[in-house]
4 protein chains.
Amino acid sequence: MPAVRRLRVAVSGLGRMGARHATHFLHRTPKAELVAAFTPDPKELAWAKENLEPWGVKLYTDYDALLKHEGLEAVCVATVTTVHAEHTIKAIEAGKHVLCEKPLSTKLEICEQVLSTARRNPHIKVMCGFSRRFDSSYVNAYNLTKSGSIGRPTILRSQTCDKYDPSGFFVQYAQFSGGIFVDCNIHDIDLALWFFSANTSTLPRVKSVVAFGVTALEPDLAKHGDVDNGVGVVEFYDGQIAYFYSSRMNPPGQHDMTEIIGTTGKLSVNANPTTGLLESHLATGIHRDIPQNYYERFENAFVEEARQFTDAVLDGTRVPIDLESSMEAVRIGVALQDSLRSGKKIWFDREGTQVEEAGAKARL
Amino acid sequence: MPAVRRLRVAVSGLGRMGARHATHFLHRTPKAELVAAFTPDPKELAWAKENLEPWGVKLYTDYDALLKHEGLEAVCVATVTTVHAEHTIKAIEAGKHVLCEKPLSTKLEICEQVLSTARRNPHIKVMCGFSRRFDSSYVNAYNLTKSGSIGRPTILRSQTCDKYDPSGFFVQYAQFSGGIFVDCNIHDIDLALWFFSANTSTLPRVKSVVAFGVTALEPDLAKHGDVDNGVGVVEFYDGQIAYFYSSRMNPPGQHDMTEIIGTTGKLSVNANPTTGLLESHLATGIHRDIPQNYYERFENAFVEEARQFTDAVLDGTRVPIDLESSMEAVRIGVALQDSLRSGKKIWFDREGTQVEEAGAKARL
Amino acid sequence: MPAVRRLRVAVSGLGRMGARHATHFLHRTPKAELVAAFTPDPKELAWAKENLEPWGVKLYTDYDALLKHEGLEAVCVATVTTVHAEHTIKAIEAGKHVLCEKPLSTKLEICEQVLSTARRNPHIKVMCGFSRRFDSSYVNAYNLTKSGSIGRPTILRSQTCDKYDPSGFFVQYAQFSGGIFVDCNIHDIDLALWFFSANTSTLPRVKSVVAFGVTALEPDLAKHGDVDNGVGVVEFYDGQIAYFYSSRMNPPGQHDMTEIIGTTGKLSVNANPTTGLLESHLATGIHRDIPQNYYERFENAFVEEARQFTDAVLDGTRVPIDLESSMEAVRIGVALQDSLRSGKKIWFDREGTQVEEAGAKARL
Amino acid sequence: MPAVRRLRVAVSGLGRMGARHATHFLHRTPKAELVAAFTPDPKELAWAKENLEPWGVKLYTDYDALLKHEGLEAVCVATVTTVHAEHTIKAIEAGKHVLCEKPLSTKLEICEQVLSTARRNPHIKVMCGFSRRFDSSYVNAYNLTKSGSIGRPTILRSQTCDKYDPSGFFVQYAQFSGGIFVDCNIHDIDLALWFFSANTSTLPRVKSVVAFGVTALEPDLAKHGDVDNGVGVVEFYDGQIAYFYSSRMNPPGQHDMTEIIGTTGKLSVNANPTTGLLESHLATGIHRDIPQNYYERFENAFVEEARQFTDAVLDGTRVPIDLESSMEAVRIGVALQDSLRSGKKIWFDREGTQVEEAGAKARL
C-alpha cells in the first residue's frame, strides 16, 4: 500500500469531458485518488460501472450523497455547463476543493455567486479549468513573454475553430452554451487576460468590445442569437488589443491558434496544425492531418491541469488560475455576445462599468 | 530589330518603387519598351542616367513634356501618393493608358475625379496596381476559390506587417500615407473585395466597419491620427466578414498573411513565412529568415503586374483590376481610419451611404 | 482496493532509462503494478527510496532475490546493455515475462542465447523494446503502409542524430555501445525490418551492407572502432534498400527522421522537427526548438510500449515485436559496424550466411 | 537604341531546355542579346519561327553555319547530351565562349577532350550549367557554409527525385542518360564538390564510392544497366562523406533536397517542398502542392545562370563554375553507376586513380 499522501477526488458528471477527467484522476494523476463519481445519467453510469467501479471508485446518482463520501477532499465539476455553478457552490460549502470545467456559468450574476462563496471560504481552493494554460506550447510562450523575450505584449490574436458537425449538434448546444463567444472564444479571452498580465500583477481592464458573426452553415443558430463564425475585438485600457475568431465549420478538424505580439517579437502557437510528425507525399500532393476535436489537441493539457490542481491542494499553494480572471473571461465573452446581438460597440470605464461611449473622446 | 509589336511605356517617378517599375518595364516585360521616364528629383535623375539612359530611355524632369514623348502609349505612375491622381488624370487626358501605383489617392473625392476622367475616356485603360493580385500563391488561392473548392467564401482574415524601421520614417510617412488602414491594409481590403466576389459578378457591399489601434513604439504617430498596430473589421451585406491586422513593428521582416475561409474549406497564404527553402539547424535551435520588405516578398508579382497590364493594352482586353474596385478599397480604408480616430463603429446602407446604425435593427 | 487484475512488474536497473521505465509502470500503466525494483548502485537506490518505496515498491540490490519476489510476473530489464542478456535469460528461466531495453546484446552469439532460452520457454513473453514502434507518428505511417497507401515499400531512409555532448560521454560510452550502428541506427534498422515486412509475413533478407563514418568532433572514438557520424546502406533481397545516417553532433538536439518510400507514395516522419507548436518571430528571424534528447522525443512511445507489453501478457496475446526481428536488427547493425571498420562491403546469401560477393554476379 | 554593350549569344538545340535557355537569353538576361539559334528539328524550328524569329533571332539548321554568324560571341549548348561535347569543342575552336548544359558528356574520355580543348584556349570561357548553384536557397546555404556558420562541412546528403512519368520515357531516356547517377545525382555530386570545398581552395578527393539501386516500377531499365531508385555513397579523403538518393517515381512531383552537415550546424535546403505559400485546409486534411518538374523548381536559377555567365564574359572575370569540377562530377557519377552495375565498392588513391581497396588498410 502506498505510504504517499494522495488527494481524494470525486468527479461530478461523466459525460464526454467528465469521463475523461475521471480517467485522468484515476490513472494519470499519481498524487490523486479517484474515490467517487456522480452521474444521474444511466448511460454514463453504465460506463462508470465498467470503467471506474472495478478500480474501487464509488458511484453516486445523488450529488449531495457524493459530497458526504467519507474522506472526500476535492471535486472536479464536469457536468453540463448549467449545473457548474450549483455543484461548485455546494462543494465549497461542503468544504471540498473544486476544479470546475470552464465556464463557471454563462451568466455573470451566477459567476458572482460562485466567487462570493469562494471568498467566504478562503481555505478552499477553487479553480476554473482553462485547459490551454496547461498546454506545453502555450506554457512555453507564456514563459518567454514573462521573461521579456517579446517586449511588452501588445496585440493578441487567437482563434478556436471546431470541426463541422453536420448532425445539428451545434444548434441544440447553442441553447445552453451562452453563444460562440462564451463557449469557444472564452479560451482565447482567457489567453488574452493571461498573456497581457504576464509582466504585471493586475488583470488588463477592458475598454471596449465589438463583435460580428454570420451563420454560414447553420441558419437555425440565429434562433438562439448565435452564429457559426464569429469575429470579435477587445480593446483594453493602456494600449492592448485582442482579436478573436471562432468557427463551428473548420473542415479538417480542430484548430486553435494564437499569436502574442509584443514590441520586440511575436510568439505563434499552432500556426501549423498537425496531428503529429507525419506527412504523406502522394500523387495528389503533400498531406497531413490535424486533431479532430478539442480533446485530441489538448489531452496532455487536461492531464497536466489535474496534476497541478492536485499539487496545489496537497501543497497548500495557490491554484494556477485565479477565479477573478475566470469570471472576467465570462464577462468579456458575454459582452462580445451582446455586441454580436445588438450590433453595437460596447464601452466600459476603468472600473468595469458599461458606459455610453465614454471612452471615445480620449481616443487619439 | 524585333518585328514584335511592343508597348511604349514611360514611368513617372523614380523613387524606390518607381525605379523598380522602370526596371521591370525595361528588362522584364518583353512586350513593353521603356521609352521615357520622369523625375524632378536630382538623385533619382542621377540613378536614371546610369541605369536607364544607356538603354535608350529618354529622361524628363517635366511631366507634361514626358506626356508628349513621341509614340508614347502608356504611363506607369509611381510618384509619391499625393501626385498619383494628378498624373493619372493628365495621362488619361493625353490619351495614354495608365498603370498607377496603389492607392489612387488617400482622399475619396480625388479618387472620384480619377474615376470620372477614366469613364469619360473609355478607350483608355486605367489600372491601379494591387500587386498581391499577381502573386502566384494568391492567384492559386483565387482560382481555387473561383472553382468552388472552399464553398462560399465567408470570412477573410488578412494582415500586412512591416519590419520595424527605427529611423522614425513611419512617423514622417504618416503625414501623407492616409494612415495605416489606407496604406497597409488597403492590400488586405482589396483581397477581401477580390475573393468575396470570386463567385459573383458584383463587389460585396460594406455594411459596417470598426477599427482599433495602438501606438506601441511610435507615440508620435498619434499626431497624424495614426497608429503602429491596427485591427479592423469590415462586415459586408449578405454574410461576409473580413478582419485585418497591420503592424509597423514586425521584428523579423515583412509578413503578409491571408486566410480565405469558405463553407467547405480554408485557403491559407503565407502562414509560414520564409525567404526561400533554407533552414539552419544550430545550437540555438532551428532558424529561418523572412523577406525584409514588401518588394522582396512581391518582386515577381510586380513583374507579372507589368506584364499583364502590357498584354491587356496590346490585346485590347480588360485590365485585370477594375478601377471601381480600387476606389472601393480606398473608401473602406478611409472608413476604417475614421473609425480608428473616432472610436465609433461606422454603418453603411446597401447603397454605400453612411448611416446612423441603420443596419443594426436587422442584425439577428 | 481495485478489483482489476493488474500485472505485477519489477524493473531491473534504475539508471536514466530504468528510472523512467519504473515511473511508467508505477504511474502511467494502469493495468500494471510496479511491485519491485533492482539496482546495485547507491545513487540509484537513493533515488528509488525517495521515488519508488513510498509507493509500495520493494527495492532489491540482488537481482536473484528480486526474481523471487512473491507474485512477481514480469521484469523490465533496463540495466546497462552488457547485462541485458543475462538478466533476461535469468528472468525467463524464473518464469517471468520480460520487456528488455534494446539491444538484447551487442554480440550476436549472446542474442542467440537469449533467443534459444526464449524458445525453450514458449509460454513466456519476451520483447525487446524498440520504442519507435510505439510512437504515434510511426504507427500512423505503418498503418498507412500496411493498408497499401504507398504501394510496395521500396526505399527506407532513416536517421538517428543525438545532440552533441561535449563532456566526452560518447567516447566512454563507445566501449560498451557496440558502435554507432548498433547503438543509434539499431532503431532505424528495426524500422526497416518493420516497414519492409508490413505487407508480407516474413522479414526481409539482407543481401549486402556497407558503412562509412568519420570522427568529426571526437577523434578518440577511433580507439573503439567507432565514429561520430555514420552512413550505412543495407540492401535486401527482392528489391528493397534502406539507408541510414547517425550522428553524435547534432547541434539543436535530438533528430530522428524517417522516409518510407513506396511505389505510389512516400511517408515522411519528422522532417520538421519541433518541440511543440511554438515558433518565435524575432529580429533574428523565425526560431523553434527541437527535443533535447531521445526521451523528450519519445516519452509517450515508452509509455505506450509499457502499456502494450502489459496488455499482451495479461491478455495472452502476441507481443508487438518478435524477438527474431530484434535479433536480426542486431545482426545488421553488427555487420554495418564491421563494414565501417574493415572498409569492405559485406555480402550475405539468402539464408543469411556471410559470403564472398556471391550475390554480385546476379546483380543486374 | 541601347548604348549598352550586350553579349551576342546563340543557343544550340531548341528542345525542352534549349527553348527555355533561348527565352532566358532573349527576354530575361538584359546584358545578353540572343542573335541566333540552331536546331535541326522541324518541330523545334516551327516553335522558333513563332517565338524567336519575330524578335530578330536568326535561325540555323546547320551548326557550323551558326558558328559563323556575324558578331556571335557566345554559344549556349542545350542539345541532347550526346552532342554536348562536340558542339562545345567546335564553339571553343571557333572562338566562342560556351555555356553548356550539364553534363559535358556521360563519358569521361569525351569530357577530357572538352577540357583539353578549353585549356588550349584559355581566353575562352567555358562553363557547365549546374543550375542548382544559382538557386537562391542553395546560394544562401553556400554563403553560410563559407562564412563558417556550420563549422567544417562533414556530411552531405542530397537527393534528386523526379515525378513518375508513366509513358515509359525514362526507359528510352536511359539509353543516353548515362544512368540515374550520371543524370540525376550529378547535381547532388556537384553540390558535394561545391560545399566540401567552400572553405578550402581545392576540390575534395574521392576515396571510395558504392551504389545500390532497384527497378521498382520500370524493370526495363535493367536493359540499360539502370534503375529507377538509386542510393549512393561517396567517401572523400580527409573525413567527408556525401550520400545520395535519386528516384524516377516521386508521386507528387519534383523533390530535390540537400542537407549540409557541419561540425557546429546543419543547413537544410527544401526539407519542406512546396510550390509556393499556399496551403488548403479541406475535409481531407491539409494539403499543398510541389513543383511538377525540375524547371518549375529551378526556373529562377536558370535565369540567374544565364545572367552570371553573361556578366563573367562581359567583365572578363572567372565563370562561377570551374570545368575541372564539372568533369569531376561526371567521374564520380560514372563510378557510382559502375558500382551499381558491378555491385562492387570502388576505391581511388589520392591522385584519383582507381585501385584495389588500397585505401582500406588505413581505414580506422
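The values are calculated or read from the model by the stated rules, or taken from the named source; none is laboratory data. This one's a predicted model, so the numbers in the text were calculated from it and none came from an experiment. Glycine gets a Cβ as well: all are built from the backbone with ideal geometry, and neighbour counts include every protein chain shown. To get the accessible areas, we keep the full protein, side chains included, count just its heavy atoms, and leave off ligands, DNA and RNA. Shrake-Rupley method; radii C 1.70, N 1.55, O 1.52, S 1.80 Å.
A compact table of results
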{"quantity": "Region C:1-27, residues that are over 20 Å from the mean Cα position of the chain (by Cα) and within 14 Å of another protein chain (Cβ to nearest Cβ)", "calculated": "C:MET1, C:PRO2, C:ALA3, C:VAL4, C:ARG5, C:ARG6, C:LEU26, C:HIS27"}
{"quantity": "Single unsatisfied condition, A:ARG307 versus (1) open to solvent by 20 Å² or more (accessible area, probe 1.4 Å); (2) more than 23 Å from A:ASP190 (Cβ to Cβ)", "calculated": "(2)"}
{"quantity": "Hey, B:ASP190 within 17 Å of the chain's Cα centre (by Cα), under 23 Å from A:THR263 (Cα atoms) and of a type in the set (D, E, K, R) or not", "calculated": "no"}
{"quantity": "Condition met for A:ALA46 (open to solvent by 50 Å² or more (accessible area, probe 1.4 Å) and among the small types (Gly, Ala, Ser))", "calculated": "yes"}
{"quantity": "Residues being closer than 22 Å to C:THR258 by Cα and free of Cβ contacts under 8 Å to residues at least 40 places away in the same chain - total across region D:230-256", "calculated": "2"}
{"quantity": "Near pairs, Cβ below 6 angstrom, 6+ apart or cross-chain, from region A:294-320 (farther than 18 Å from C:GLU299 by Cβ and not assigned by TED's automatic domain parsing to the domain that holds A:HIS24) to any residue that is open to solvent by 50 Å² or more (accessible area, probe 1.4 Å) and assigned to a helix (DSSP H, G or I)", "calculated": "A:PRO320/A:GLN308"}
{"quantity": "Flag if D:LYS207 is within 22 Å of C:THR263 (Cα to Cα), basic (Lys, Arg) and more than 14 Å from chain A (Cβ to nearest Cβ)", "calculated": "no"}
{"quantity": "Meets criteria (in contact with a Phe, Trp or Tyr (Cβ under 8 Å, 6 or more places away or on another chain) and within 14 Å of chain C (Cβ to nearest Cβ)) for A:ALA301", "calculated": "yes"}
{"quantity": "Members of region A:34-43 that are surrounded by fewer than 21 Cβ atoms within 10 Å (Cβ to Cβ) and closer than 20 Å to A:GLU305 by Cα", "calculated": "none"}
{"quantity": "Matching entry among D:PHE195, D:PHE176, D:PHE212 (being touching an Asp or Glu at 6+ places or on another chain (Cβ under 8 Å) and more than 14 Å from chain A (Cβ to nearest Cβ))", "calculated": "D:PHE212"}
{"quantity": "Filter result (facing chain D (nearest Cβ under 8 Å), more than 26 Å from B:PHE181 (Cα to Cα) and open to solvent by 10 Å² or more (accessible area, probe 1.4 Å)) within region B:243-274", "calculated": "B:THR264"}
{"quantity": "Residue in region C:188-200 that is modelled with pLDDT under 95, farther than 23 Å from D:ALA242 by Cα and of a type in the set (Gly, Ala, Ser) present", "calculated": "no"}
{"quantity": "Residues located in region A:285-296, provided they are open to solvent by 30 Å² or more (accessible area, probe 1.4 Å) and more than 7 Å from every other protein chain (Cβ to nearest Cβ)", "calculated": "A:GLN292, A:ASN293, A:TYR294, A:TYR295, A:GLU296"}
{"quantity": "Conditions (1) over 19 Å from B:LEU26 (Cα atoms); (2) in contact with a strand residue (DSSP E or B) (Cβ under 6 Å, 6 or more places away or on another chain); number of the one not met by D:LEU26", "calculated": "(1)"}
{"quantity": "Residue that is open to solvent by less than 10 Å² (accessible area, probe 1.4 Å) and among the hydroxyl-bearing types (Ser, Thr, Tyr), where the choices are D:SER136, D:SER131, D:SER116", "calculated": "D:SER131"}
{"quantity": "Selection from region C:342-351 of residues that are assigned to a loop (DSSP other than H, G, I, E, B) and either of a type in the set (A, V, I, L, M, F, W, C) or open to solvent by less than 20 Å² (accessible area, probe 1.4 Å) (or both)", "calculated": "C:GLY343"}
{"quantity": "Subset tally (residues that are assigned to a loop (DSSP other than H, G, I, E, B) and more than 19 Å from D:ASN199 (Cα to Cα)) for region D:132-166", "calculated": "4"}
{"quantity": "Unmet criterion (only one of (1) open to solvent by less than 40 Å² (accessible area, probe 1.4 Å); (2) farther than 30 Å from A:GLN172 by Cα) for A:THR106", "calculated": "(2)"}
{"quantity": "Only one of B:VAL11, B:VAL80 that is closer than 17 Å to B:GLY129 by Cβ and surrounded by fewer than 16 Cβ atoms within 10 Å (Cβ to Cβ)", "calculated": "B:VAL80"}
{"quantity": "Options B:ASP315, B:ASP338; residue that is open to solvent by 30 Å² or more (accessible area, probe 1.4 Å) and more than 14 Å from chain A (Cβ to nearest Cβ)", "calculated": "B:ASP315"}
{"quantity": "Qualifying residue in region B:132-155 (condition: in contact with a strand residue (DSSP E or B) (Cβ under 7 Å, 6 or more places away or on another chain), without any contact (Cβ under 8 Å) to a residue 24 or more places away in the chain and not assigned by TED's automatic domain parsing to the domain that holds B:ARG16)", "calculated": "yes"}
{"quantity": "Residue check, A:LYS223 in a strand (DSSP E or B) and either more than 9 Å from chain B (Cβ to nearest Cβ) or surrounded by fewer than 24 Cβ atoms within 10 Å (Cβ to Cβ) (or both)", "calculated": "no"}
